[in-house]
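The values are calculated or read from the model by the stated rules, or taken from the named source; none is laboratory data. These figures come from a predicted structure and were not determined experimentally. Backbone-built Cβ (ideal geometry, glycine too); neighbour counts: all protein chains shown. Only protein heavy atoms, including side chains, enter the accessible area calculation; ligands, DNA and RNA are left aside. Shrake-Rupley method; radii C 1.70, N 1.55, O 1.52, S 1.80 Å.
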Amino acid sequence: MAKIVIVGGGIAGLAAGIYALKAGYEAEIYEKNPVAGGECMGWNRKGYHIDNCIHWLTGTDPRTKLWEVWKTVGAIDENTEYADTNRFYSSRFEGREVSLWNDLQKTQEELIKAAPEDEEEIRKFIQYVEYAKSCVIPSDKPLDMMGIKDYIEMGKEMADMPKVMKEYGKISCGDLAMRFKSPVMQKLMTDYLPKEYTAYSLLVSYATMASGNGGIPIEGSLAMSMRIVKKFKEMGGVLHTNKPIKKIIITGKKAEGIELEDGTTVKADYVISAVDTSFLYGKLIDESYMPKDLKEAYRNRYAYPVTSGFQVAYAIDSDFSGEDTIFFDCEPLRIGTNQFTRMSVKSYGYDRTFAPEGKTVLQANVVQSDADYVFWSALTKDEYIKKKAELAEELTKRIVKEFPELQGRIELLDCWTPLTYNRYCNAFHGSYMGFVTTVGNKQMRFKGVVKGVDNLFVAGQWVMSPGGLPIAVVSGKFAVQRILKKEKRSIAI
Ligand SMILES: Cc1cc2nc3c(=O)[nH]c(=O)nc-3n(C[C@H](O)[C@H](O)[C@H](O)COP(=O)(O)OP(=O)(O)OC[C@H]3O[C@@H](n4cnc5c(N)ncnc54)[C@H](O)[C@@H]3O)c2cc1C
């Protein structure tokens, strides 16, 4: 039985491991952290659980092929319970509040009532969100292994997507906002995603929620990662935690295996890298192996930005579950290189497993850019700790100003920055998603192969923009299918 060694135990690495076992290979995963899961993570503080990933999990509709993939890796099944949330998010501005409800009809009525001057644009937006429900993530096999029949089937499934791309594929969220006259509508269009993101990303994200294909599994992100780990182990996989890998050993055109930071070497017939690609190329293997497009994306920080967050979690001494995710104006605050005048909070009251009875976890997340990563990196350790504490306090003041009922009931649990993601997962500039799809840039997509090395494959969210959990999980499956194809075996797994 050929042995596949997988570097990185995030969702991509775990999925690769499970599909490898399913295909009859021996599979071993090497993960640098004490727990697998990578960015699909959560942790405990003072009796509360901080869930730090799934805002929506694309592929929770059992009629989709992606659902099959999630089921195969043990993430969800027919009995999975989902959070009872009913809106994507809300925006408050100048005394008005509008929401993107999962119910599109309700949203349309509410938005027209709040901004009658934008009725035509609102109806159009809702109609196109309806079209965007047809967007699917190819989950059967890699695009380059698809035949004409597969493309015809995908074309039929996504029949309405070209309309969305034509109307919203070449404008940014900022441009979209300017199509509306009402200031609160303008805020609604730019609050969730940074304004340079393509507008269609917003429509597709909202459509995923609205179509019932973006549920949030109860118990959150860490529990989902642990279900996948359990499945991997039950199938006979070996997971090594606390095992950082130093390099992938390459001789000529062959990856011989891996070398751990402690100097141990492990032999393999195939190696799958499931770490951040910025770490693979340059650290685990020579940078010269990096595909040209990817190199260009890393070089061009303007066209291919990445985003991270300055995040704060709080314990709320009351049931604060009604607030979901809400954006509002705040006193100007400089975090990193930008001054913010808007911020958001998200209540985790939808999942009672995160907090003791009658209490709630609340989080604030301020978007951080490439430049902000540089800002945080330049601080000394003491300055970093001081800055984090100072900014967390400033955010707390602003939250209490917006929600006076929280006065005396809000306690800081934890605070983290783009540096945290870099330290924990070797994430490029602390980004927890792939490259942002901006207007004018090419969607990043590359085959998970390493030119010049026959038995080394690449999985992970960076193989296709904009990344996220669905790309991570299918990329793990696809890496194994590439190995099967190489061995001239059936790729149907
Ligand atoms: C706050 C937040 C919110 C998010 N919300 C969503 C959401 O709502 N929906 C969604 O789809 N996605 C969301 N994501 C993104 C999602 O978490 C990621 O896309 C996904 O987890 C990436 O998986 P991955 O396996 O590709 O990479 P990673 O999770 O980065 O896994 C890589 C693994 O490799 C390990 N590693 C790195 N270097 C080494 C080494 N030298 N040796 C051994 N191991 C190594 C890392 O420790 C890590 O475990 C969110 C992420 C965050 C942080």
Open item on the list: Once you place label points 7 Å from the Cα toward the Cβ at K451 and D382, how far apart are they in nm?
Closed with: 5.0 nm
Task: Residues of type lysines that K156 reaches as a straight line, Cα spacing below 22 Å, ignoring anything fewer than 8 places off in the same chain - done: K65, K133, K141, K166
Open item on the list: Nothing charged except the Cβ atoms of Lys and Arg (+1) and of Asp and Glu (-1): what's the magnitude of the dipole of segment 87-215 about its Cα centre? Round to the nearest 20 debye.
Closed with: 80 debye
TODO: Go ahead and run the numbers for FRET between K485 and K170, Cβ-Cβ distance against an R0 of 35 Å, rounding to 0.05.
DONE: 0.50
- [ ] At 1.4 Å probe size, with no ligands or nucleic acids counted, give the accessible surface of T337 in Å², nearest ten.
- [x] 60 Å²
- [ ] Quick one: grab the alpha carbon gyration tensor of segment 87-215, order the square roots of its eigenvalues as a ≥ b ≥ c, and give me rounded if a/c is under 1.5, else prolate or oblate depending on whether a/b is larger than b/c.
- [x] prolate
TODO: Using a 1.4 Å probe over the heavy atoms of the protein chains, calculate the carbon and sulfur portion of the accessible area of segment 308-430 as a whole percent.
DONE: 51 percent
Open item on the list: Net charge within 10 Å of G10 by Cβ-Cβ distance, Lys/Arg positive one each and Asp/Glu negative one each, not counting G10 itself?
Closed with: -3
Task: Fraction in percent of alpha-carbon pairs per bin - 10 Å, segment 308-430 - done: 13, 44, 32, 11, 0
TODO: Could you tell me how many degrees, from 0 to 90 and to the nearest 10, lie between the Cα long axis of helix 119-132 and the main elongation axis, the longest principal axis, of the Cα atoms of the chain?
DONE: 20 degrees
Task: For segment 308-430, accessible area per residue (1.4 Å probe, heavy atoms of protein chains only), Å² - done: 43 Å²
Task: Cβ-derived FRET efficiency at R0 25 Å, K246 paired with V35, nearest 0.05 - done: 0.75
Task: Percent of C-alpha pairs per 10 Å bin, the chain, short to long - done: 4, 19, 30, 28, 15, 4, 0
Task: Rg ratio (alpha-carbon, reference 2.2 N^0.38 Å) - segment 183-333 - done: 1.47
- [ ] Report, by chain and number, residues whose modeled amide H sits under 5 Å from the one on D414, excluding near sequence neighbours (fewer than 5 apart, same chain).
- [x] A313
